[in-house]
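Student: The structure that follows is given in the form of structure tokens.
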Amino acid sequence: MQIVLIPGDGIGPEVTAACCRVVAAAGVDIDWVPADAGLGAVEKHGEPLPDVTLELIRKHRVALKGPCTTPVGKGFRSINVRLRKDLDLYASVRPVNSLPGVKTPYENVDLVVVRENTEGLYAGLEHQIVPGIIESLRVITKPACERIVRYAFEHARHAGRHRVTFCHKADVMRLTDGLFLECARSVADEFPFIAFEEKPIDNVCLDLALDPTRYDVLVMENLFGDVISDLCAGLVGGLGVVPGANLGSRYAVFEAVHGSAPDIAGQGKANPIAVVRSAAMMLDHVGERAAAVRIERAVVKTLQAGVGLTRDLGGTGNTDSITSEIIKHLVA
Ligand code: NAI
């Protein structure tokens, strides 16, 4: 099976290489098709997201991607935003669950963040009206609202989950989130066997800090989803452990929630678990369920044993040691 591999920037090449070792040890025969994106691609192709990379994903349908650096405030537009838009990867899915051996204030967190990935405040439509006055457009369309909420309900149904919470700010953004809320209510009617709740995003943040175990599936607009994903990662052990998928009706790109972590890049310190778990989601997606389950179990056993863990998990190990431990538990 051929799958596109985008190592990305910063810690990306380190964690994706570790991940490929784990997938190979799981016995899945993947012929990785390398592709460039990010700062490295600018040097090689003159642009951060070359057409050839998009073509490769279109051809092979599925990709595993490392994080890509986006310059702040200037330079090129976010590669991630463009990739998700160009391939219409409309649903970002991020499962967030407590992990054994990872000390956090809460146990039994088990929720999924479903984020609309193509519009909202990340539509990338900003312009200067006059110097000192900038406008950013928050694009909300009925079809995009309906399909992301429908995706959240379908996901809940397939995953045996029981409640979908729609997060919004419709009291202030009356037109945009008003429409989103209207669409959410109407789609919820199609799924009477799954509980539906609507909550202002600020209340959701409060609840997540007080008792995140009360949530099941959370669905929301692009910017809200970006912020909530990191918040939720913090509830279960940080960015080093939370996986993710960007899904559309034709293509799928799997990647961790975290970024390129320039502060630890090139030092062999990065935790590969988030990318390894993203690869497990990818294997499940392509029909390699048994291998996906084995990888998840090996990650859990590694965390339980507490040997070779990276510093973000309180250990003294590195990318190599934790990868070797995962492989050890995989083949045991
Ligand atoms: P970041 O996620 O790269 O790092 C935040 C903090 O978490 C840092 O202290 C970092 O060392 C730590 N961290 C992240 N991943 C880790 C891992 N696997 N193991 C151990 N520690 C880890 O977020 P930041 O610094 O805001 O962004 C850096 C760059 O990444 C930016 O250019 C940003 O645009 C980009 N980015 C890319 C994403 C993607 O390609 N999907 C997602 C988020 C950010």
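Student: Which condition number does L49 fail, the rest of (1) within 16 Å of the ligand (Cβ to nearest atom); (2) surrounded by fewer than 19 Cβ atoms within 10 Å (Cβ to Cβ) being met?
Tutor: Unmet condition: (2).
Student: Report every pair of residues separated by at least 6 positions or lying on different chains whose Cβ atoms are under 7 Å apart, first residue within the stretch 61-73 and assigned by TED's automatic domain parsing to the domain that holds E14 and farther than 13 Å from E47 by Cα, second more than 7 Å from the ligand (Cβ to nearest atom) and of a type in the set (S, T, Y).
Tutor: R61/Y251; L64/T16; L64/S278; G66/T16
Student: Now a separate question. Every residue in the stretch 300-322 that is under 20 Å from S98 (Cα atoms) and of a type in the set (S, T, Y), please. Step through it out loud before you land on a result.
Tutor: First, pick out the residues of the stretch 300-322 that are under 20 Å from S98 (Cα atoms): 300-315, 322.
Passing the criteria: T302, T310.
Student: Here's a follow-up. Which one of the conditions (1) more than 16 Å from the ligand (Cβ to nearest atom); (2) within 22 Å of the chain's Cα centre (by Cα); (3) part of a helix (DSSP H, G or I); (4) not polar (S, T, N, Q) does W32 fail to meet, given that it meets all the rest?
Tutor: (3)
Student: Any idea which of R157, R161 is at negative phi, surrounded by fewer than 20 Cβ atoms within 10 Å (Cβ to Cβ) and in a helix (DSSP H, G or I)? Full working, then the answer.
Tutor: On the way: R161 fails: in a helix (DSSP H, G or I).
When all the criteria are applied, what remains is R157.
Student: Within the stretch 262-299, track down each residue that is in a helix (DSSP H, G or I), within 16 Å of the ligand (Cβ to nearest atom), of a type in the set (G, A, S) and more than 18 Å from G101 (Cα to Cα). Walk me through it before giving the result.
Tutor: Our first condition is that a residue be in a helix (DSSP H, G or I); within the stretch 262-299, this holds for 273-285, 289-299.
Within this subset, residues satisfying the condition of being within 16 Å of the ligand (Cβ to nearest atom) are 273-282, 299.
Subsequent filtering for residues that are of a type in the set (G, A, S) retains 274, 278-280.
Answer for the stretch 262-299, where residues must be in a helix (DSSP H, G or I), within 16 Å of the ligand (Cβ to nearest atom), of a type in the set (G, A, S) and more than 18 Å from G101 (Cα to Cα): S278, A279, A280.
Student: Just to check your reading of the model, which residue among A290, A256 is within 17 Å of the chain's Cα centre (by Cα) and among the small types (G, A, S)? Lay out the reasoning, then the answer.
Tutor: On the way: A290 fails: within 17 Å of the chain's Cα centre (by Cα).
The unique qualifying residue is A256.
Student: Next question, about the same structure. Does E255 qualify as being away from the ligand (no atom under 15 Å from the Cβ) and either assigned by TED's automatic domain parsing to the domain that holds S324 or over 24 Å from D110 (Cα atoms) (or both)?
Tutor: Details: away from the ligand (no atom under 15 Å from the Cβ): no; either assigned by TED's automatic domain parsing to the domain that holds S324 or over 24 Å from D110 (Cα atoms) (or both): yes.
Criteria not met by E255.
Student: I'd like to verify a number: residues in the stretch 83-131 that are assigned to a strand (DSSP E or B) and within 21 Å of P243 (Cβ to Cβ), how many?
Tutor: Our first condition is that a residue be assigned to a strand (DSSP E or B); within the stretch 83-131, this holds for 91-97, 110-116, 120, 126-130.
Retained after the next criterion (residues that are within 21 Å of P243 (Cβ to Cβ)): 91-97, 110-116.
Of the residues in that region, 14 qualify.
Student: Consider E116 carefully, then state whether it is within 22 Å of the chain's Cα centre (by Cα) and either more than 16 Å from the ligand (Cβ to nearest atom) or not hydrophobic (A, V, I, L, M, F, W, C) (or both).
Tutor: Numbers: within 22 Å of the chain's Cα centre (by Cα): yes; either more than 16 Å from the ligand (Cβ to nearest atom) or not hydrophobic (A, V, I, L, M, F, W, C) (or both): yes.
Answer is yes for this residue.
Student: Any residue in the stretch 300-312 that is within 11 Å of the ligand (Cβ to nearest atom) and in the same structural domain as G124 (by TED's automatic domain parsing)?
Tutor: no
Student: Against the condition modelled with pLDDT of 95 or more, β-branched (V, I, T) and buried (at least 21 other Cβ atoms within 10 Å of the Cβ), how does I295 come out, does it pass?
Tutor: yes
Student: Only one of D202, D207, D171 is in a loop (DSSP other than H, G, I, E, B) and without any contact (Cβ under 8 Å) to a residue 40 or more places away in the chain. Can you tell me which? If you could, list the steps in order and put the result at the bottom.
Tutor: Working: D202 fails: in a loop (DSSP other than H, G, I, E, B); D207 fails: in a loop (DSSP other than H, G, I, E, B).
Of the residues listed, the single one that is in a loop (DSSP other than H, G, I, E, B) and without any contact (Cβ under 8 Å) to a residue 40 or more places away in the chain is D171.
The values are calculated or read from the model by the stated rules, or taken from the named source; none is laboratory data. These numbers were taken from a predicted model, which means no experiment stands behind them. Cβ coordinates were reconstructed from backbone atoms using ideal geometry, including for glycine residues, and neighbour counts include every protein chain displayed.
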